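For reference, the structure discussed in these notes is given below.
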């Protein structure tokens, strides 16, 4: 249940409640490496995930994507024959300085299909 301000109802009116608590991850992350296709601004690149959850993923990218960028993601799970295709928003970036270093990019899914949630849960349990 959401309060008037969009914060979870149980926190509405509590003093000391911070915005960071509102945006805290609720889905556990799993260290899984998957090859992932990332499309943004008419470009396509292949990246590697470092961890993934039902809410989003962390990947390494040769490009430092701007925060707020909407990307299209496509990746294959061993627990279903069809690839997962989902839009996501870049939430944070760790820029690397070295010429061969990859940037860290945190992406929040905009919405997974039910079959993809099922396949991800099976994947998390199997590995």
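Data for the structure
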quantity	calculated
Positions within the stretch 40-52 being touching a residue at least 60 places away in the same chain (Cβ under 8 Å) and in a loop (DSSP other than H, G, I, E, B), in sequence order	none
Any hit, the stretch 56-64, residues being surrounded by 12 or more Cβ atoms within 10 Å (Cβ to Cβ), touching a residue at least 24 places away in the same chain (Cβ under 8 Å), closer than 12 Å to residue 120 by Cβ and assigned by TED's automatic domain parsing to the domain that holds residue 112	yes
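The values are calculated or read from the model by the stated rules, or taken from the named source; none is laboratory data. If you're wondering where the values come from, they're calculated on a predicted model, not measured in any experiment. Every residue, glycine as well, gets a Cβ built from its backbone with ideal geometry; the counts of neighbours run over all protein chains shown.
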